[in-house]
Amino acid sequence: MALVLLVEDEAAIAQTVEYALRADGFDTAHALTGREALQLAQRQAFDLAILDVGLPDIGGFALCRELRRERAVPVIFLTARDAEADRVLGLEIGADDYVAKPFSPRELVARVRAVLRRCAPAEPTTGFVHDAEAKRIDFRGQRLDLTRYEYGLLAALLRRPGAILSRDQLLERVWDDPGESTERTVDTHIKTLRAKLREADASADPIRTHRGLGYSLDAG
């Protein structure tokens with residue numbers, strides 16, 4: 001499940017957007033201000049950010065620049081400013097899309113999916129075929145019979161091949177209530193996931209353990 005950062009200071013709009021995203025399978029984190037958004041971005045890696053331009057502290061355009069100092073996160077601007085100059089400026093600084101208020105929550109979710117598809121990294125060359133819409137993953141030509149959490153873990157690793165994801169990051173991305181699970185839970189599911197990958201190919205071990213750091217997927 002992709003993790004979306006929503007930065008919106010109007011509570012009613014934020015609740016509507018979060019509900020639509022979660023109903024479509026996304027994880028979300030909401031910030032009321034730009035500074036709060038930057039603090040959230042320091043603690044976890046987001047797959048996409050939806051930014052209101054008219055924030056009470058840091059403007060959305062400036063916030064976009066700050067977020068991208070750390071990593072190239074895709075950005076959709078959500079704003080009441082529908083002037084052509086604002087749209088052009090947003091796109092010129094690197095926004096991936098621009099949605100003017102009022103808007104359809106369903107259309108916004110569709111735009112989020114479209115941006116994520118365009119920005120998705122190339123499939124790792126380790127024999128995986130991932131159908132995110134159907135929540136299916138094949139490995140070396142065989143369909144993997146995965147539980148919900150095994151699928152979530154492998155999908156999270158596939159989205160960032162080669163990157164090390166900590167146990168806390170995996171808990172946040174995969175579990176509905178990460179506070180009720182422990183790092184040991186992640187280790188247990190990684191163990192069963194590895195066993196299923198070996199069933200598909202006895203010589204394969206694409207998941208790497210980084211002691212004290214977390215796990216990564218071999219992108220080689």
### Message
Quick check on the stretch 83-95. Is at least one of its residues closer than 26 Å to Leu157 by Cβ and either surrounded by fewer than 16 Cβ atoms within 10 Å (Cβ to Cβ) or in contact (Cβ under 8 Å) with a residue 12 or more places away in the chain (or both)?
### Response
no
## Note on the structure
Residue set Ala23, Ala12, Ala2, Ala80; condition hydrophobic (A, V, I, L, M, F, W, C), open to solvent by 60 Å² or more (accessible area, probe 1.4 Å) and under 20 Å from Glu172 (Cβ atoms); output residue Ala23
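Scan the stretch 196-213 for residues that are open to solvent by less than 40 Å² (accessible area, probe 1.4 Å) and out of contact with any helix residue (DSSP H, G or I) (no Cβ under 7 Å at 6 or more places or on another chain) and jot them down. Quick ask: steps written out before the conclusion?
Taking the stretch 196-213 as the starting set, the residues that turn out to be open to solvent by less than 40 Å² (accessible area, probe 1.4 Å) are 197, 200-201, 204, 206-207.
If the condition is that a residue be open to solvent by less than 40 Å² (accessible area, probe 1.4 Å) and out of contact with any helix residue (DSSP H, G or I) (no Cβ under 7 Å at 6 or more places or on another chain), then Leu197, Ala200, Asp201 are the ones that fit.
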### Task
List every residue pair whose Cβ atoms lie under 7 Å apart, where the two residues are 6 or more positions apart in sequence or sit on different chains, the first residue falls within the stretch 1-19 and is farther than 23 Å from Ala156 by Cβ, and the second residue, located anywhere, is open to solvent by less than 10 Å² (accessible area, probe 1.4 Å) and among the β-branched types (Val, Ile, Thr).
Glu8/Val17
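For (1) over 23 Å from Ala45 (Cβ atoms); (2) acidic (Asp, Glu), each residue gets a yes or a no:
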position	(1), (2)
Asp97	no, yes
Cys119	no, no
Arg198	yes, no
Ile207	no, no
### Query
Looking at Arg106, is it open to solvent by 70 Å² or more (accessible area, probe 1.4 Å) and either farther than 30 Å from Arg148 by Cα or in a loop (DSSP other than H, G, I, E, B) (or both)?
no
### Summary
Of the residues in the stretch 51-63 that are at pLDDT below 90 and within 13 Å of Tyr98 (Cα to Cα), the one that is surrounded by the most Cβ atoms within 10 Å (Cβ to Cβ) is Gly60
### Query
Which of the following residues is over 16 Å from the mean Cα position of the chain (by Cα) and open to solvent by less than 40 Å² (accessible area, probe 1.4 Å): Ser181, Ser166?
Ser181
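Only one of Arg43, Arg35 is within 28 Å of Tyr151 (Cβ to Cβ), basic (Lys, Arg) and open to solvent by 60 Å² or more (accessible area, probe 1.4 Å); which?
Going through Arg43, Arg35 in turn, the sole match is Arg43.
The values are calculated or read from the model by the stated rules, or taken from the named source; none is laboratory data. In this text the structure is predicted, and so the values were computed from the model without any measurement. Using ideal geometry, Cβ is built from the backbone for each residue, glycine included, and neighbour counts are taken over all protein chains shown. Please note that ligands, DNA and RNA were not included when accessible areas were found on the heavy atoms of the full protein model with its side chains. Shrake-Rupley method; radii C 1.70, N 1.55, O 1.52, S 1.80 Å.
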